[in-house]
Amino acid sequence: MNNGLAGKSVYAFGDSIVYGHVYPHSFVDVVAEREGMSLTKFARNGATVGADPHASGGQILTQVEQATDIAPDFVIFDGGTNDAQSIFRDRAYTLSTYAEELEKTLHVMGRKWPTARIVYVAAHKLGSRDWDTQVALREATLQACRKWDVAVADVFGETAFDTRDDTQRAKYTFDDLVNGFPGTEGSGTHPNEAGIATFYVPVVSATLQQISSR
């Protein structure tokens, strides 16, 4: 039972969690395959919501601006993961600047594809980022999503995925490939296939099904 998702189109924006890090088959690929959706992925490793001149992936806003004007049925995106480093470690910009850039990104999405339903994916609790910065970014992001009527697939809040727990970090995240596939013992940022299947796919699929039935 696909609740009407089969045949729908989805554009995906964001950072390496959406792209897939060194294995470009992320949770959005798995969700699209399972639900029979057509996926176009614009995410880039190292991307940020705010403008950090040192961020390797540029801004997520740029991904949105460069995407086709043809509207998808759904837009999925993440953000904040690399912003946590830009804000806490690099002091590249402030939380308020992040919030402004996020609003700008949501505005451009809504103007460009007024019929698309937008889903923000809140990544898992990251042992690889400063905790207070993560929490502050989360609050700012959820506030913007409420304002812009953006659905939230809340892996952070609705699952037990927390790589501050060293057992989970080792089991569910990867940095490198082993025999061509994501391994284990990662830094805590990039979910491997087990992390994706256990935590990301159920939450994202349920969110898509929920908003598609409205």
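Read-outs throughout are calculated quantities, based only on the coordinates presented, and are distinct from any laboratory measurement. Here the structure is a predicted model, which is why all the values come from computation and not from measurement. Note that we place each Cβ from the backbone using ideal geometry, even for glycine, and neighbour counts take in every protein chain shown.
A few points about this structure:
- Region 58-72 - residue that is of a type in the set (A, V, I, L, M) and over 15 Å from the mean Cα position of the chain (by Cα) and, of those, surrounded by the most Cβ atoms within 10 Å (Cβ to Cβ): A67
- Which numbered condition T133 fails, given (1) out of contact with any helix residue (DSSP H, G or I) (no Cβ under 6 Å at 6 or more places or on another chain); (2) in a helix (DSSP H, G or I): (1)
- In region 15-42, residue surrounded by the most Cβ atoms within 10 Å (Cβ to Cβ) [restricted to those that are among the polar types (S, T, N, Q) and under 19 Å from E65 (Cα atoms)]: S16
- Some residue of region 1-14 being outside any strand (DSSP E or B), surrounded by 21 or more Cβ atoms within 10 Å (Cβ to Cβ), among the polar types (S, T, N, Q) and in contact (Cβ under 8 Å) with a residue 40 or more places away in the chain: no
- In region 161-182, residue surrounded by the most Cβ atoms within 10 Å (Cβ to Cβ) [restricted to those that are under 17 Å from the mean Cα position of the chain (by Cα) and free of Cβ contacts under 8 Å to residues at least 40 places away in the same chain]: T173
- Residue in region 21-43 that is part of a loop (DSSP other than H, G, I, E, B), under 19 Å from E100 (Cα atoms) and under 13 Å from the mean Cα position of the chain (by Cα) present: no
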